[in-house]
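What follows is a short report on a single structure.
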Amino acid sequence: MLKISVIGSGDWSKKVINEINNNKNFLIKSVVSRKEKNNYLTNKIKIFKSIHDLFEDNSVDCVYVAALPYVNLDVVKLASSKKIPLILEKPISSSYKQAIEIQRIVNNNNMIVIPNISNYFSEIFVKIKDIISQNHKFIKKIYIYEGSNGPIRNDIHPVWDWGFHSLSMLSQIFELSKIANLNQTIIKQDKNKKKIVSKLTFKIERDIDVIFVTGNFFKKKIRKIKIILKNNNFFLANFDKHELYEKDKLIIKNENTPLTSLLNKFRYCIINKDSNLSKNLLKGSCDSIKIIEKFYRC
C-alpha cells in the first residue's frame, strides 16, 4: 500500500480524499491545509501548514496536488530532489512558460508526474481513441461542450477550468501544435464579465473542424464530445454519465470512476518506475496551455 499526501483542502480535495480512501492501494498519511479544522479528516491524518513542511517530513511515497495551478511549479521543484511521484490537478500551470519549466524539471529528473486529465483515464476515452484511429480519414467534425455554472475566479478565465480537459484529450489523439484557423466568439456573459460562455473554433490536420463551446455560465454541468463522420454517423461521449454512444446505441459505460482509473494508473507507474506516461501527458498539457494562451490573442 502506497502512503500518499494530498495538497489542498477545498471541495475538490474532499472528493479526491474520498476516492483515495476507497482505493485499497493507497493510504492517506497527511494533508497540506491552511484550515484549522477539517471535519472530514480522521485523527490519524497529519495536517501540514505548508508544502515545505510536507516534503521535509519524508513520510509519504507520493503526493496528489489538488490545489490552484500556481502551486504546481513549487511542488515539482521540492519533489524533484527526492523524485517523489506526483499527480497535478489541471491545468498544470496558468502559463505556458511555467508549464514548460515543469516539463523540463520532470524530464531532466526522470520523475513520475501525472496531470489529472481525469477523463483521459476513463474506459470510454480509451474506446474513443480506438474509434478515431479506425475512422481517422472519415472524420468531418468534432463538437465539444464542456462547462458548468461556475466556478467564478477573479484571476483566470473559465477556459482554464473547463477547456483544459478536452484540449488535453485531443492532444493525445492529434498533433495540436499544427492547428489552424483559430477563432473565438463570446456567446454570452454576465455584466461583470466573470461568467462567460465562449466558442472556440479551429481546424485539425487541415480538414477536421473542431467546434468547442466552454465556460462557467451554463444552467447545469455538461461535458460531452461528439465525433461526426463524413457519412453522418456519429459517436457521442458523455463524460458526466461516463457513457459512450454510437448514435442512440450505448457502446460502453465506465466500470470505474475516472479518478479511480487515474489512481490505478499512477500506482502502476510508481511500482514499475515508468516515467514514459508522464512525458507524454506533460507534452499534451503544454500543448493545451499554448492553445489556451492563443485563445486570448485570437
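Please treat every number below as a calculation from the coordinates, not as lab data. Computed from a prediction, not measured in an experiment: that's the story for all the values here. With ideal geometry, Cβ positions are generated from the backbone for all residues, glycine too; neighbour counts draw on all protein chains shown.
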Failed item, numbered, when Leu73 is tested on (1) within 30 Å of Lys253 (Cα to Cα); (2) aliphatic (A, V, I, L, M); (3) touching a helix residue (DSSP H, G or I) at 6+ places or on another chain (Cβ under 8 Å): (1)
Which numbered condition Val126 fails, given (1) in contact with a Pro (Cβ under 9 Å, 6 or more places away or on another chain); (2) within 18 Å of Leu262 (Cβ to Cβ); (3) surrounded by fewer than 23 Cβ atoms within 10 Å (Cβ to Cβ): (1)
Exclusive hit being surrounded by 15 or more Cβ atoms within 10 Å (Cβ to Cβ), within 21 Å of Ile132 (Cα to Cα) and basic (Lys, Arg), set Lys249, Lys203, Lys224, Lys265: Lys224
Residue identified as charged (D, E, K, R), surrounded by fewer than 18 Cβ atoms within 10 Å (Cβ to Cβ) and assigned to a helix (DSSP H, G or I) among Lys290, Lys273, Lys294: Lys294
From Thr201, Thr214, Thr185, residue being among the hydroxyl-bearing types (Ser, Thr, Tyr), under 25 Å from Ala67 (Cα atoms) and not in a helix (DSSP H, G or I): Thr214
